Amino acid sequence: MPKRKRASDRTRASTTTPDPRQQGVRAFRAGRYDTAIAIWSNLRRDDPSLGAALAEAHFRRALAQTGTPQLADLRRAVELAPGQLRYQYHLGRALYLAGDLPGAIERYRAVLQHDPAWRGAGIALALAVLEQDPRADIATLPGSTPKIRSALAPIQALVRGDMPRPEGDEPLDRLWQGLGLVQAGAGAARSVLDGGRALSSPRAMAVRRYYQGVADAQAGDMTSALAAWQDVYEQRLTTPWLLDNLVAVLLPRIREYLDAGDLDHAAATAQSAIPLAAGSTALGEVLVQTFDRVARAAATTGDWARAAGLWQQAREVVSASSGLGSPRPLLHNLALAYEAQEQWIEAAEAWRVMLRTRPRRSAAKGGEKGGASGGSDAQPSELGDVEWGWVRKRVIECYKRAGAPGEAVTVFRQAIKADPEDLDLRLQLVDALLLNEQDQAAYNELQRLLEIEPRHLAARLQLANLHAARHEWQAAETTLRGVLAEHPEREDVRRQMAQLMLARGLEQLEWGQLAAAAKAFEDGRQLAPNNYQFPLNLGRVAIDQRKPQRAKELLQEALELAADQPPAYTQVIECWIVADRIDEARAVLARAEAALPPSPDFLIDVGRLILQHKNRMALPNPFAPPIRQEKEADSPWTELATELLDRALALQPEDPRLRLRIAVELMPLRPEMALRFAEEGVRLLPDEPGGLMMLGLLLGVNDRKREAKETLRRGARLARQQGNPELAREMDVLREEIDSPLLKYGLSLGSIFDDLDDDDEFDW
């Protein structure tokens with residue numbers, strides 16, 4: 001039964017409304033004075049303890065504030081608890097700092113009336129009275145003591161315009177004497193204030209240093225004055241008169257440098273003045289002008305890094321100050337400077353920040369678009385829709401170049417949300433989505449665009465491209481034929497249709513659908529009669545259809561259309577390789593050599609194609625005994641390939657890298673042939689670690705294991721000597737795998753070759 005009663009008591013307690021007084025106490029103890037004040041202010045005022053608590057909450061909150069809010073809380077605390085002298089004293093201090101001398105004096109007197117010994121009140125009252133009346137007799141003030149009168153005597157002399165007369169030669173005495181000399185304008189102030197022993201506090205040291213600067217300025221030494229004031233500023237003694245003095249010295253100095261054309265000193269001085277700009281519009285304007293002028297000069301000489309840094313500093317000055325206008329021109333130039341350095345992310349962000357400066361309801365109808373060079377003077381105060389569109393395109397282009405199209409997508413979506421009827425903007429979003437590999441999202445966006453404007457030409461062309469990329473040939477063709485029927489004069493549409501037919505025909509040819517492929521090529525040929533790819537591929541179809549004469553006629557036509565294009569000859573020769581017509585291949589080769597300038601590249605490409613098509617080496621089984629491969633050295637095609645490779649070397653007989661390049665080309669096809677070229681290349685280029693690595697690999701797959709390991713060991717040592725430990729580690733790993741039966745298997749598949757070919761070390 002007792003347990004049941006306690007549970008009932010707890011239930012009643014949980015449903016009882018919380019005590020507001022206790023809620024306020026908890027908030028007060030947690031330092032949430034706003035909450036405590038709000039709670040207690042709503043309770044009855046006839047409880048003395050509540051008034052005292054509320055007064056203390058106002059007082060505590062006041063200590064964490066400044067200015068008008070602080071004064072309001074202190075006044076409320078005094079109103080609620082007038083007998084609390086510390087409230088009165090702190091209110092007096094706040095009134096003094098706010099410039100209300102009569103109010104401060106009244107509060108100090110109230111404190112001293114109740115407690116003449118209140119710490120700090122006597123000297124605070126004396127200072128306030130002296131500031132109000134320099135000739136007042138502070139000896140008659142409550143709380144005045146001989147010590148206070150002695151301490152304030154130099155101050156009273158200064159505010160009266162008299163010379164302080166300290167009794168000793170202590171550092172503080174010399175400071176008072178120096179201040180008197182500064183006030184009198186006497187030249188002796190510099191020697192009295194200079195150096196000397198340390199004062200009792202860092203603040204006193206800062207005051208002395210400040211007046212050293214004043215004495216220097218009185219003597220005409222503005223350089224020393226500036227150095228002194230900058231020292232004080234760095235010590236965070238930022239009084240209004242210090243800031244005024246710094247600006248008064250720096251402004252004319254910067255202008256003098258600019259007038260003299262000394263841009264380096266002007267920029268350096270302006271940079272030292274940046275922290276002061278927020279308090280001086282005049283200084284801010286000069287700093288922005290200086291940074292802009294020096295940045296333009298740097299851009300003119302191609303020093304875009306310096307130009308960007310200066311425009312960024314100018315932008316920061318404008319952002320930190322009021323009354324300096326829009327940062328838009330600076331952002332424009334800053335973005336162009338980043339673009340010039342190919343810092344695409346930074347450029348995109350600068351353009352993007354510029355976009356944010358666009359007024360929500362711009363009345364601008366026009367304006368000149370920014371140019372392509374930094375620091376253009378033609379900067380419109382307001383931009384129209386066309387110009388803002390240009391800025392938006394720069395954002396997208398820079399993100400694309402930075403490889404961050406996802407950011408571009410975000411920008412476009414935000415812009416479309418603001419203007420959903422902007423169809424060009426939607427089309428640009430499609431481009432960004434495609435670049436970001438969001439094909440389905442791009443397709444959906446195109447569909448939305450065409451729902452708004454079904455005849456939008458660019459969107460329809462883009463939709464056809466997207467269908468073609470998905471191998472949706474019929475949908476792509478239907479779309480393009482519709483566009484072509486409406487715009488028969490559009491040559492670009494005809495070219496796109498022709499390319500579609502070519503891609504479709506190549507896929508059908510690959511799948512052996514010869515009739516369908518031939519039709520696609522013929523349709524494309526009608527659209528682009530001067531494109532040699534169509535008779536070329538029709539010739540390839542004829543070869544597969546075993547119509548050699550028809551193939552020859554078509555391939556001849558292809559060469560007539562592309563008589564000066566090496567790829568055309570290579571592709572025609574490949575057709576004759578597939579047809580196993582070596583005489584025709586030799587005839588085309590002779591025709592190419594007569595029509596084209598001599599080129600090792602052309603000869604190597606043809607030789608590689610021959611070996612690629614005629615190489616009958618079976619893929620080895622790494623788990624079975626080695627099978628002796630059929631020797632191809634005496635075949636006519638192999639002889640022709642060897643002849644072409646040797647003729648390529650004859651064009652550049654002293655070029656070792658050409659030999660290494662041939663070895664790379666032959667490695668996955670005929671490693672036994674590649675070995676000769678690798679050995680010759682390494683002999684001519686013995687200090688090339690990459691060449692030694694390739695030679696070691698080829699020695700290994702040609703069953704010369706011991707030589708392979710030694711070559712790789714030598715190459716790794718050379719790589720380390722040349723500061724390439726990564727390549728050295730690769731050769732160490734390869735040396736351990738030389739005995740593996742999988743090595744030749746991997747080489748036959750081309751995997752090792754691909755690794756070598758993609759590496760910059762093997763870019764031969």
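Could you work out what % of the accessible surface of the range 474-526 is carbon and sulfur, using a 1.4 angstrom probe and leaving DNA, RNA and ligands out of the count? Result for the range 474-526: 54 percent of the exposed heavy-atom area is carbon or sulfur.
With the whole protein complex present, His114 retains an accessible surface near 140 Å², based on a 1.4 Å probe.
Note: the range 437-502, Cα convex hull, 78 Å³ per residue.
List the chymotrypsin sites (Phe, Trp or Tyr not before Pro) within the range 497-534 that DSSP assigns to loop and that have no more than 10 neighbouring Cβ atoms inside 10 Å.
Details: sites: Trp511, Phe521, Tyr532; in loops: Trp511, Tyr532.
Sites meeting the loop and neighbour criteria: Trp511.
For Val294, the accessible area of its heavy atoms, probed at 1.4 Å with every protein chain present, is near 0 square angstrom. The rule of thumb for compact globular proteins, 2.2 N^0.38 Å, goes into the C-alpha radius of gyration of the range 104-159 1.02 times.
Here the calculated FRET efficiency for Val159 and Arg21, from their Cβ-Cβ distance with R0 = 60 Å, stands at 0.75, rounded to the nearest 0.05.
How big is the Cα convex hull of the range 227-339 in projection, averaged over all directions, in nm²? So the mean shadow area of the Cα hull is 7.0 nm². Potential lengthening of the chain between Ser599 and Leu63 amounts to 184.4 nm, from the contour at 0.36 nm per residue minus the alpha-carbon distance. With all protein chains in place and a 1.4 Å probe, the accessible surface of the range 383-434 carries 46 percent carbon and sulfur.
Here is the size of the range 660-718 from its Cα atoms: Rg then Dmax, 10.1, 29 Å. One quarter of the convex hull surface built on the alpha carbon atoms of the range 205-247 amounts to 2.5 nm², the projected area averaged over directions. Report the normalised scattering of the range 225-267 as log10 I(q)/I(0) at q = 0.16, 0.27 Å⁻¹, calculated by the Debye formula with identical scatterers on the alpha carbons. Debye intensities relative to I(0), on a log10 scale: -0.47, -0.87. Using the empirical formula 2.2 N^0.38 Å as the baseline, the Cα radius of gyration of the range 509-604 reaches a ratio of 1.06. About the centre of its Cα atoms, the range 457-557 shows a dipole size close to 220 debye [charges on the beta carbon of Lys, Arg (+1) and Asp, Glu (-1) only; nearest 20 debye]. By the Kirkwood approach, averaging reciprocal distances over each pair of separate Cα atoms, the range 406-523 gets a hydrodynamic radius of 15.3 Å. In the context of the full protein assembly, Arg550 retains an accessible surface of approximately 100 Å², using a probe radius of 1.4 Å and ignoring ligands and nucleic acids. Here the label points at Ser201 and Leu101, each 7 Å from Cα along the C-beta direction, are separated by 2.2 nm in the simple model. For the range 492-563, taking Cα atoms only, Rg and Dmax work out to 11.4, 36 Å respectively. For the range 93-165, the per residue solvent-accessible surface stands at 57 Å², with DNA, RNA and ligands left out and a 1.4 Å probe.
The values are calculated or read from the model by the stated rules, or taken from the named source; none is laboratory data. Keep in mind that this is a model prediction, so the values were computed, not measured. All Cβ positions, even for glycine, are placed from backbone atoms using ideal geometry, and neighbour counts span all protein chains on display. Each accessible area value is taken on the protein alone, full model and side chains, heavy atoms only, with ligands, DNA and RNA left out. Shrake-Rupley method; radii C 1.70, N 1.55, O 1.52, S 1.80 Å.
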